[in-house]
Amino acid sequence: VPSLPPPLAMTATLVSLAALTALLPAGPLARVAPRAPVLRMQAADDDALDLEAMAQLRQRIARIQQGGLATSAQAYFEIATEKSPQLLLREFFMTTEPRVQQAMQDAVVSLLGTLPPLQFDSRVSTTGDKLVALMLQLQMTGYMLRNAEYVTKLRELLDIRTRSVSEFREAFDRLDEDGSGYLEMGEVKSLIDSFYGGSGEAPPYEAEALMRLLDTNRDGRISWDEFSAALGAKNDSARDFPLRALSAAVEGNAVGAPNVTGTITVSLEGGKEVEVDAASYMEQLKAEAEVLRKELNMVKKQEARAELATTSSLSSYVATLPEEQLRLLTSDMSPEVKEAMQMVVKYIFKVPEDDGTERDLAADDQVTIEQNKMRQLCMYQLVLGYRMREAEAKGEADERLGRQ
């Protein structure tokens, strides 16, 4: 796994992870208990990977022959645990886009910091319930990042470069071929097929996954409100109104602007009143309006640059989303995937007993982990969530259960 980056002057990190540090207690680190919980993060060298994979395959076949895979949750659990952590992480870093990898590394850095492990004997201590909650949150974040990657890729393919409602509306109207005001499955399939060059070779699950992600009320079609909310449109008409009004005033084109002559009375502080030439006073107001217009233009350009940054940084994109849109990125998670995430965490953490057996991690168990191992564990959980979202979108669990 690539080493974590050096300390970053990050302007934005994942919002959903900002509160997770509360799960790790402050204060002195606890000592390791004599029977500390065991992490199923066993080391695996390169030569052993093939043998390990074959052994796991034989075990899976034996389990299927014995009792089968009764539920989708069990199938997702098999998908998540069939590869060793080292192999899963290696494949992730070899196949995913750099911005996805950076987003996950940003998440881990924001949670644990960047203390060099060889110079500091740093450990993280917490209780079983807080560690389990953290692992589940990290898997949920990995799941969310996969959806965020999908949304940003969709925006790029639709040539949506800002969060302006007008851009989103133009894209929606192009997709709405029959002008019904909704995107039906046929139009979604046409969209996905166009991404594959119109060859008709687009995997069927792609259109179904997009429909599930955007169709939040599950009526079988995507409305304009669902489309704009899921893809991150932002109504900028109210924000732009002052700039438009100032521009009109400066250019002398404000509706109903009168020709002012004579003198006007201006009240000053302290109640004093003075008479000034009306035309000169209006010119002074226009000059002040011009200064404000330039300042607003500067702010707008800065916002445009920030929006451009979100197209290249997945972390920045997620950090700019309001809470409602963040929830949308995990709203289509199936109950079976949630159950599988809990099964994975339960599988990873075991506590050895005196008689040689193992038990599940209890809520009040004290757990101490070296920070370097904690980094690897956090990255593993993020990648697991990312992987389970892919499996869910592709229908891999149903395929394993013979439902496709």
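The values are calculated or read from the model by the stated rules, or taken from the named source; none is laboratory data. Owing to the predicted nature of the structure, the values given are computational and were not obtained by experimental measurement. Cβ placement follows ideal geometry from the backbone for every residue including glycine, while neighbour counts extend to all protein chains displayed. The area values use the complete protein model at the heavy-atom level, side chains included, leaving out ligands, DNA and RNA. Shrake-Rupley method; radii C 1.70, N 1.55, O 1.52, S 1.80 Å.
For region 136-151, what are the residues that are open to solvent by 10 Å² or more (accessible area, probe 1.4 Å) and farther than 19 Å from L377 by Cα?
Of everything in region 136-151, those that are open to solvent by 10 Å² or more (accessible area, probe 1.4 Å) and farther than 19 Å from L377 by Cα turn out to be E149, Y150.
Filter region 368-387 for residues that are assigned to a helix (DSSP H, G or I) and of a type in the set (A, V, I, L, M) and give the result. Step through it out loud before you land on a result.
Initial filter on region 368-387 (assigned to a helix (DSSP H, G or I)): 371-387.
Scanning region 368-387 gives M374, L377, M379, L382, V383, L384.
Taking G197 and the conditions (1) open to solvent by 60 Å² or more (accessible area, probe 1.4 Å); (2) in contact with a Lys or Arg (Cβ under 9 Å, 6 or more places away or on another chain), which numbered condition does it fall short on, given that it satisfies the others?
(2)
Does G186 satisfy the condition of being open to solvent by less than 70 Å² (accessible area, probe 1.4 Å), modelled with pLDDT under 70 and farther than 24 Å from L326 by Cα?
No.
Could you identify the single residue in L214, L210, L183, L231 that is closer than 30 Å to M379 by Cβ, hydrophobic (A, V, I, L, M, F, W, C) and touching a strand residue (DSSP E or B) at 6+ places or on another chain (Cβ under 7 Å)?
Exactly one residue qualifies, and that residue is L214.
May I ask you to list the residues in region 320-339 that are within 20 Å of A80 (Cβ to Cβ) and within 20 Å of the chain's Cα centre (by Cα)?
L329, T330, D332, M333, S334, P335, V337, K338
Among the residues that make up region 294-316, is at least one of them more than 30 Å from M135 (Cα to Cα), modelled with pLDDT of 75 or more, open to solvent by 80 Å² or more (accessible area, probe 1.4 Å) and not aromatic (F, W, Y)?
No: region 294-316 contains no residue that is more than 30 Å from M135 (Cα to Cα), modelled with pLDDT of 75 or more, open to solvent by 80 Å² or more (accessible area, probe 1.4 Å) and not aromatic (F, W, Y).
How many residues are at pLDDT 90 or above and open to solvent by less than 10 Å² (accessible area, probe 1.4 Å) if we restrict to region 107-135?
Total meeting the criteria: 4.
One residue is enough: does region 210-220 have a residue meeting the conditions over 26 Å from E323 (Cβ atoms) and at pLDDT 50 or above?
yes
I'd like the full set of residues that are more than 12 Å from Y76 (Cα to Cα) and open to solvent by less than 20 Å² (accessible area, probe 1.4 Å), limited to region 327-355. Can you show your working first?
Looking only at region 327-355, we keep the residues that are more than 12 Å from Y76 (Cα to Cα), and these are 327-333, 345-355.
Those that are more than 12 Å from Y76 (Cα to Cα) and open to solvent by less than 20 Å² (accessible area, probe 1.4 Å): L329, D332, M333, V345, I348, F349, V351.
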